[in-house]
1. Tell me, please, whether a residue that is among the hydroxyl-bearing types (Ser, Thr, Tyr) and crowded, with 24+ Cβ neighbours inside 10 Å can be found in region 259-270.
2. Is it fair to say Arg435 is within 30 Å of Phe576 (Cβ to Cβ), of a type in the set (D, E, K, R) and open to solvent by 20 Å² or more (accessible area, probe 1.4 Å)?
3. Of all residues in region 14-49, which are of a type in the set (A, V, I, L, M) and out of contact with any Gly (no Cβ under 6 Å at 6 or more places or on another chain)?
4. Using the structure shown, decide if Gln344 is open to solvent by 30 Å² or more (accessible area, probe 1.4 Å), closer than 24 Å to Asn240 by Cβ and either small (Gly, Ala, Ser) or more than 18 Å from the chain's Cα centre (by Cα) (or both).
5. Could you check region 281-306 and list, in sequence order, the residues that are part of a helix (DSSP H, G or I), farther than 28 Å from Ala561 by Cβ and either modelled with pLDDT of 90 or more or polar (S, T, N, Q) (or both)?
6. Considering only region 35-70, state which residues are modelled with pLDDT under 80 and among the aromatic types (Phe, Trp, Tyr).
7. Of the residues Gln267, Gln315, only one is under 31 Å from the mean Cα position of the chain (by Cα) and in a loop (DSSP other than H, G, I, E, B); which?
8. Any residue at all in region 584-600 that is open to solvent by 80 Å² or more (accessible area, probe 1.4 Å) and modelled with pLDDT of 80 or more?
Amino acid sequence: SGLPESIIAAACARSGQRVLHVDSRNYYGGNWASFSFSGLLSWIKENQEKTDINDECEDWRKLILENEEVISLSKKVKTIQHVEDFCFVDQDSAEDVEEAGALPKLPGFGASGAEGVAQESEKECPPVECALQVAESSEPEKATGTEPASATEGKDTEVTSENECSQSTALGESTLELGKTEAAPSEISVQEPKKITYSQIVREGRRFNIDLVSKLLYSRGLLIDLLIKSNVSRYAEFKNATRILAFRGGKVEQVPCSRADVFNSRQLTMVEKRMLMKFLTFCLDYEQHPDEYQDYENSSFAQFLSTRKLTPSLQHFILHSIAMVSETDCSALEGLQATKKFLQCLGRYGNTPFLFPLYGQGEIPQCFCRLCAVFGGIYCLRHSVQCLVVDKESGRCKAIVDHFGQRISANYFIVEDSYLSESICTNVSYRQISRAVLITDQSVLNTDSEQQVSILTVPPVDLGKPAVCIIELCSSTMTCMKDTYLVHLTCPSTKTAREDLEPVVQKLFNLNTEKETENEELEKPRVLWAVYFNMRDSSGINKNSYDGLPSNVYVCSGPDAALGNDCAVKQAEAIFQEMFPAEEFCPPPPNPEDIIYDEDEIAEETGLSNSPE
């Protein structure tokens, strides 16, 4: 029940298909899931032990006819490797501590105050002006960033042309507050953080919602558009990412993004501000000036930037914190496209291009599962599938056999890559993602506001290694307890996750226990607990790479290493359109007020009638 499968299930149910969605795990989301602290400890134990699933019914082979053959599915989860967890606080006092009872969620999943990403206003600023139109002379107000994007219920209006302009945006009146220009926060003296013990973390474990995959939602990305179009946004709440950070010269700095940020920045000289604004303006309509970049089509984006009269600090900001691309592997054209995407997303919901779902990324697959269930989909967790039943003559899959020995027939079958056996995946070459999750006692960049959602790209430590993307979440995202931060680190794997990511962790954080901490380490945030693991990246694999897979069986990939969710949405839409080319993909649900009921049909179905007879 990962994100692509859940989107497909919702789209199929919405178009009137009968959907059965089963998952062998006991939780929604697969590798897209979010866990409480105790839930994550159980997940770690499960993946370290690598236990096999032995719930096979011996009689299921009797259900296979002579003109049929079976394709057995995998009974081992092999998508997670090299799981290592570490505790840097005293654990002695936590032996007998139990997790506190379940906490009620804030309004969500259809509650009246949880509009999430609501529909857009009738008139929305064009991308160029949204990114750059704030007056230079205006005194920016400081946004607290502590309220979710849906905290204030706004007017529901329709999405129309982006060439029209208005004061309100897609989140109604709430965006007027969230979208205020945030002045560059002044750094404050480091205060002594509150002492957090392991027993407190365990006791407050349900306040944590720890994602297996770390992503953000681009405000003009495919997932946001789908959430609005399908009205799934009503099931979730979102919070703006409040700042973009950069790591340069051993220090963490805030990156100015919008026009107001640039002209209020104390890090840049006036000449640098003009240079940056000129380049960002060019990037927004670079297609109109092909003569300026065509000579660099075979050059890297970093080489292209070096020719644009930009200072080294500006080149660093653009490469690592705005375009967020590789220094060596990204072409000039790809870098311009990434920069334009970043700039187009500015100003839609706030001062950065990104949104984060409250309670974690794992909420998004569940929201689409809810839409599927609303339109008649059936869900079964802890329900594994033994095999696919294939007709020898047609080569099409006819049915599945589950672990109870039941045979279930269907026309189409969607399976996640990890369920396929090794015999099917012999020609498939997988990439890996290195992941780390840290619980820390303070932010990587302390400011006047503690409630910050930050994204930081750390350049490669050594030549040839990938950059590391860091997302730091505060307690107002409902992903960690008060006075702590949840830090996600992600990069494409070259070795084990710990080998890839620990050098970056050591640069930014204090890994010593409280007794071992030296004076020079006091300024760094202290890591209280950490886990490292490698996750399989099965994105971008052609269906033809799988051996002997029937034409009506479609494979969904797990999470990819990208920051956004476009890959999952594209894959879901492509599979749905291949199955049902005449159907609309996730159309808006009907308004209950517009539904016209036929009284005669209702009477026939219920056996009741209004007539005297």
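1. No, region 259-270 has no match at all.
2. Values: within 30 Å of Phe576 (Cβ to Cβ): yes; of a type in the set (D, E, K, R): yes; open to solvent by 20 Å² or more (accessible area, probe 1.4 Å): no.
Answer is no for this residue.
3. Filtering region 14-49 down to residues of a type in the set (A, V, I, L, M) leaves 19-20, 22, 33, 40-41, 44.
Selection gives Leu20, Val22, Leu40, Leu41, Ile44.
4. Working: open to solvent by 30 Å² or more (accessible area, probe 1.4 Å): yes; closer than 24 Å to Asn240 by Cβ: yes; either small (Gly, Ala, Ser) or more than 18 Å from the chain's Cα centre (by Cα) (or both): yes.
Answer is yes for this residue.
5. Listed by number, the residues that qualify are Thr281, Phe282, Gln288, Gln294.
6. From region 35-70, those modelled with pLDDT under 80 are 50-63; that's our starting set.
Answer for region 35-70, where residues must be modelled with pLDDT under 80 and among the aromatic types (Phe, Trp, Tyr): just Trp60.
7. Details: Gln315 fails: in a loop (DSSP other than H, G, I, E, B).
Only one candidate passes the filter, namely Gln267.
8. Filtering region 584-600 for residues open to solvent by 80 Å² or more (accessible area, probe 1.4 Å) gives 584, 592-594, 596-597, 599-600.
If we keep only those that are modelled with pLDDT of 80 or more too, we end up with 584.
Checking region 584-600: at least one residue is open to solvent by 80 Å² or more (accessible area, probe 1.4 Å) and modelled with pLDDT of 80 or more.
The values are calculated or read from the model by the stated rules, or taken from the named source; none is laboratory data. The model shown is predicted, which means the values in this text are computed figures rather than measured ones. Note that each Cβ is placed from the backbone with ideal geometry, even for glycine, and that neighbours are counted across all protein chains shown. Heavy atoms of the whole protein, side chains included, go into the accessibility calculation; ligands, DNA and RNA do not. Shrake-Rupley method; radii C 1.70, N 1.55, O 1.52, S 1.80 Å.
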